[in-house]
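Down below is the structure, laid out as structure tokens.
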Protein chains: 4
Amino acid sequence: MSAIAAGDVVVLVEDSGDRYLLTVAARPDAQRVRGIGVIDSAKLAGAAWGSRLTHGAKTFLLLKPGYLDLALSVERKAQIILPKDAARILYECDVRAGKRVLEAGIGSAALTSALARAVTPGGKVTTYEIREDFAEWGRGNLARAGLSEAVEVKVGDVRRGVAERGLDAAILDMPDPWEAVGSVAQALAPGGFFCAYSPLVSQVEQTHAALAKAPFAQLRTIELIERDWTVGERGARPSFEMLGHTGFLTFARRVA
Amino acid sequence: MSAIAAGDVVVLVEDSGDRYLLTVAARPDAQRVRGIGVIDSAKLAGAAWGSRLTHGAKTFLLLKPGYLDLALSVERKAQIILPKDAARILYECDVRAGKRVLEAGIGSAALTSALARAVTPGGKVTTYEIREDFAEWGRGNLARAGLSEAVEVKVGDVRRGVAERGLDAAILDMPDPWEAVGSVAQALAPGGFFCAYSPLVSQVEQTHAALAKAPFAQLRTIELIERDWTVGERGARPSFEMLGHTGFLTFARRVA
Amino acid sequence: MSAIAAGDVVVLVEDSGDRYLLTVAARPDAQRVRGIGVIDSAKLAGAAWGSRLTHGAKTFLLLKPGYLDLALSVERKAQIILPKDAARILYECDVRAGKRVLEAGIGSAALTSALARAVTPGGKVTTYEIREDFAEWGRGNLARAGLSEAVEVKVGDVRRGVAERGLDAAILDMPDPWEAVGSVAQALAPGGFFCAYSPLVSQVEQTHAALAKAPFAQLRTIELIERDWTVGERGARPSFEMLGHTGFLTFARRVA
Amino acid sequence: MSAIAAGDVVVLVEDSGDRYLLTVAARPDAQRVRGIGVIDSAKLAGAAWGSRLTHGAKTFLLLKPGYLDLALSVERKAQIILPKDAARILYECDVRAGKRVLEAGIGSAALTSALARAVTPGGKVTTYEIREDFAEWGRGNLARAGLSEAVEVKVGDVRRGVAERGLDAAILDMPDPWEAVGSVAQALAPGGFFCAYSPLVSQVEQTHAALAKAPFAQLRTIELIERDWTVGERGARPSFEMLGHTGFLTFARRVA
């Protein structure tokens, strides 16, 4: 139980917090991992979970990937939805085992990975993405994380309709979520959860206006500000580096 | 599927956001719900999920409770860990189906409810609480939410030892989490997740110091600031009311 | 120098931080001070600055009023511009001795008091206020603070024109500052400072649009979030109580 | 009045917000300005305030420097106290014309410049700096801003005593302000304002402890978080870039 085996997905974590995802091969290989270089993943088999590995000039912790590890190790093609927001989306939209969730669009699949993890076992994530190249990129990240089975990535536009019905939640990361309120209303089960992630206040205003005219209630918008702290010998203080903004989170529930 | 039935746990949500939890009885009853008064829960059977109920002068949405509903409807005996922090804890500690999680102490069981929900099916939450009255109060909230099965509430002190072994995560909401670092280290599996929730900076400093001497890595402390937005006819703005502080979140991972 | 004398303006400060302004009379009187009741101000003469006075059940520090004391002791008819914003306005608009400043509107004259203080000696504040009752109320607060001389309160609408020319700064606290951009541009000297204080994002957007079409440069909008800290025996933490929002501050400079 | 003349201090402001300070020479010269290169300052004479100058590939606004311009144009040898904090310090410590203010240490003289500006006319800033090289560097920045007259820069240690008496305010930007509480208490007039600027929570705690044992009242610590906003065609949002922390501001007043 505490030894790494072939087939395991392992995250290699540097002290700096940088992370790399790897699937352990059954026999010697030469995997190329972005940021690490070439590594023989089979050598990890037999190592203890939570132990350290030295590779070249770097030292890594070998860990089972949690939500955070998955998010921070995706290969990025677009800005990802960060942990502070992803965590809150999972919570507010009650994303857990067995749930059926709609997402649009896939971005770098960082949020998709979290959704896929959360609905397992028994649930399903359906992701609409209008750009074929993003869909493909996202599938790659999902495969690397061993999460392909729980996700269906569709190339399509949620503004033109959603094929699924009776869904538990819908999470929209797109420039004009208000244009999708109608299709999402049809796809959600009564009581289903709606979330839109939007960087601009004007987007929030338009989404609220659209939700107010549709069968939704409990409209709310929040933003989360994360302050990391530096704890050292002489004392603690908020870190000087900080992200000023990501996106506003608008939530609502489908009513009958 | 979209009609409420006997045995269902329903959350009644007011437009104000106030929430009340109810289990629908099989035959006419007279349940006393704090904040609502006496209600015949059997009358809810047959109503559509997502529909509205008028009871006295109030109108409620009838919904399946999500994480947020559970947290905001617990009967409070102590300050609860709020959604912004609870969401992040679930995420950072990778709490999901099948996981075995330690919590100390139970408070009003708001976080416990979220943990219990998240580990279902297949997982287990063990909560240590030093005060018998809090343990009892928490059990009541868990029962109301239909979550008793996934949780074992123990009256005991984690600082004196934890009986469980190989746990996936440990979440400490107690005045001196640093005193429990040793027992938690023994209880966690390699790679297991540690979290302490502390209002004071001095607590954070002491927890970091204890973790640094124990088999933990990837120590980090963050705080989350939540701004709610008011979106009205004339435009949007951050709400004037805001909570200035809840607690700092310290995370770490058990290493080999 | 360190003894209070007749004619002095004194602020009485409670440990709670509540403040009351008083002018010391030359002979025994019975001043009615809102929040304190009737007091014989002449009794303060001869007391040392920085000493304590017991009056009824309360104890006060006797201090020379600073900016903060003036702001927190105005009698409020409208929400005041708070210290965090007032301080920044003085700074960004370079309000100091000798400057000629326009303000609209007067509100409770809290900001007006600060401006009047800052431009003394040699400067002048002109305040346009469309409501006669607010103008009157504001004059009362200025008189109590001994600041009437430095301020001219005009009942008038800055959107319809400003009589003054060559001003150093203009500070607008009104619902539609963009409507005043034209008159303010005429009133300001080249290089003069513009500031609008607005609670809504939509106001900020409209003000920016108006400034972009007028002779202004260096447009910037900021918001300030203030966290008060509680420092106690067991350690320090941010205060639980906090104001979520006041207003956005938009700054610009008049160009040639 | 609106034309630049020899002897004027001018700030050259780029659209990016970068700023450079210059004193206009009476006859052609070749001033070397860090960030701009060599410029003949005499050419600025006769230009209108608020007009634009093209020099090389850059375009500048020619403005009279305000507080902000002075702060952002100092040549930095150490991290400066930023506008959000400097503005609040001036306000809370009632720094204005005629006041006598103590500062320790000088850093890059950014705050010193603001203090000097604010106390003019009639006031005086005395700055204690333990390092001769910082004192010299600060004097250079003050000279460039034309503010040398209002400031006395002393090489000395405020922890060992302050020669001045009856001061209106004392502002400490040093690693151990608690060690200076005694000397500052002696130097301040009754009612005088105390301020310490400290990055660490542990510093705040120690300063509070020292103030509590000395003749000070109205102890308070705050922190200011500044969010800059980006206002564009499509709408507004908080800027992605943000400074996570500068310092905590601790205030108190000297009592009798």
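At a glance:
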| item | result |
| --- | --- |
| B:Gly146, sole failed condition from (1) touching a strand residue (DSSP E or B) at 6+ places or on another chain (Cβ under 6 Å); (2) at negative phi | (2) |
| Filter pass, B:Lys64 being in contact with a Phe, Trp or Tyr (Cβ under 7 Å, 6 or more places away or on another chain) and open to solvent by 10 Å² or more (accessible area, probe 1.4 Å) | yes |
| Test set (1) closer than 30 Å to B:Ile81 by Cβ; (2) within 14 Å of chain B (Cβ to nearest Cβ); (3) exposed (fewer than 15 other Cβ atoms within 10 Å of the Cβ) - A:Ser2 fails condition number | (1) |
| Subset of the stretch C:73-114 that is in a strand (DSSP E or B) and crowded, with 24+ Cβ neighbours inside 10 Å - its residue that is nearest to the other protein chains (Cβ to nearest Cβ) | C:Val101 |
| Selection from the stretch C:210-220 of residues that are open to solvent by less than 50 Å² (accessible area, probe 1.4 Å) and either assigned to a helix (DSSP H, G or I) or modelled with pLDDT under 95 (or both) | C:Ala210, C:Leu211 |
| Test for B:Pro121: is it out of contact with any Leu (no Cβ under 7 Å at 6 or more places or on another chain), closer than 30 Å to B:Ala47 by Cβ, within 14 Å of chain A (Cβ to nearest Cβ) and part of a loop (DSSP other than H, G, I, E, B) | yes |
| Filter result (hydroxyl-bearing (Ser, Thr, Tyr) and either crowded, with 24+ Cβ neighbours inside 10 Å or on the phi > 0 side of the Ramachandran plot (or both)) within the stretch C:165-202 | C:Ser198 |
| Some residue of the stretch A:22-42 being under 19 Å from the mean Cα position of the chain (by Cα) and among the hydrophobic types (A, V, I, L, M, F, W, C) | yes |
| Among the residues listed as A:Gly46, A:Gly17, the single one being touching a residue at least 24 places away in the same chain (Cβ under 8 Å), on the phi > 0 side of the Ramachandran plot and open to solvent by 40 Å² or more (accessible area, probe 1.4 Å) | A:Gly46 |
| Candidate set: the stretch A:227-242, residues that are open to solvent by 40 Å² or more (accessible area, probe 1.4 Å) and in contact with a Pro (Cβ under 8 Å, 6 or more places away or on another chain); chosen: the one farthest from the other protein chains (Cβ to nearest Cβ) | A:Thr230 |
| Contacts under 8 angstrom Cβ, first residue in the stretch B:203-223 being more than 8 Å from every other protein chain (Cβ to nearest Cβ), partner assigned to a strand (DSSP E or B) and among the aromatic types (Phe, Trp, Tyr), 6 or more apart | B:Leu211/B:Phe194; B:Phe216/B:Phe194 |
| Single match in C:Glu205, C:Glu223 (criterion: within 18 Å of C:Leu90 (Cβ to Cβ), crowded, with 18+ Cβ neighbours inside 10 Å and charged (D, E, K, R)) | C:Glu223 |
| Filtered residue count, the stretch B:51-60, keeping only those that are touching a Leu at 6+ places or on another chain (Cβ under 8 Å) and over 15 Å from B:Val24 (Cβ atoms) | 2 |
| Those strands (runs of 3 or more DSSP E) lying entirely in the stretch D:2-43 with at least 2 residues under 15 Å from D:Leu63 (Cα atoms) | D:9-13, D:19-23 |
| Some residue of the stretch B:148-160 being part of a loop (DSSP other than H, G, I, E, B) and more than 15 Å from the chain's Cα centre (by Cα) | yes |
| Unique residue being surrounded by 15 or more Cβ atoms within 10 Å (Cβ to Cβ), outside any loop (DSSP other than H, G, I, E, B), at the interface with another protein chain (Cβ under 10 Å from one of its Cβ atoms) and touching a residue at least 24 places away in the same chain (Cβ under 8 Å) when the list is A:Leu53, A:Leu70 | A:Leu70 |
| Selection status of C:Ala30, without any contact (Cβ under 8 Å) to a residue 12 or more places away in the chain and closer than 19 Å to C:Gly140 by Cα | yes |
| Residues within the stretch D:144-187 that are free of Cβ contacts under 8 Å to residues at least 24 places away in the same chain, within 26 Å of D:Ala87 (Cβ to Cβ) and of a type in the set (Lys, Arg), tallied | 0 |
| Pick from the stretch B:20-33, criterion touching a helix residue (DSSP H, G or I) at 6+ places or on another chain (Cβ under 9 Å) and of a type in the set (D, E, K, R), ranking: surrounded by the fewest Cβ atoms within 10 Å (Cβ to Cβ) | B:Arg27 |
| Residue list for the stretch D:243-256, restricted to those being open to solvent by less than 10 Å² (accessible area, probe 1.4 Å), more than 8 Å from chain A (Cβ to nearest Cβ) and over 18 Å from the mean Cα position of the chain (by Cα) | D:Ala252 |
| Residue count, the stretch C:56-67 (criterion: more than 13 Å from D:Leu90 (Cα to Cα), assigned to a loop (DSSP other than H, G, I, E, B) and at pLDDT 95 or above) | 2 |
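Here is a yes/no grid of residues against (1) more than 14 Å from chain A (Cβ to nearest Cβ); (2) more than 18 Å from the chain's Cα centre (by Cα); (3) outside any loop (DSSP other than H, G, I, E, B); (4) closer than 19 Å to B:Phe251 by Cβ:
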position: B:Asn141; (1), (2), (3), (4): yes, no, yes, no
position: B:Ala170; (1), (2), (3), (4): no, no, yes, yes
position: B:Trp178; (1), (2), (3), (4): no, yes, yes, yes
position: B:Ala189; (1), (2), (3), (4): no, yes, yes, yes
position: B:Gly192; (1), (2), (3), (4): no, yes, yes, yes
position: B:Tyr197; (1), (2), (3), (4): no, no, yes, yes
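The values are calculated or read from the model by the stated rules, or taken from the named source; none is laboratory data. This structure is a prediction, so every number in the text was calculated from the model and none was measured. Positions of Cβ are backbone-derived with ideal geometry, glycine not excepted, and every protein chain shown enters the neighbour counts. Accessible surface is based on the protein model in full, side chains and every heavy atom, while ligands, DNA and RNA are left aside. Shrake-Rupley method; radii C 1.70, N 1.55, O 1.52, S 1.80 Å.
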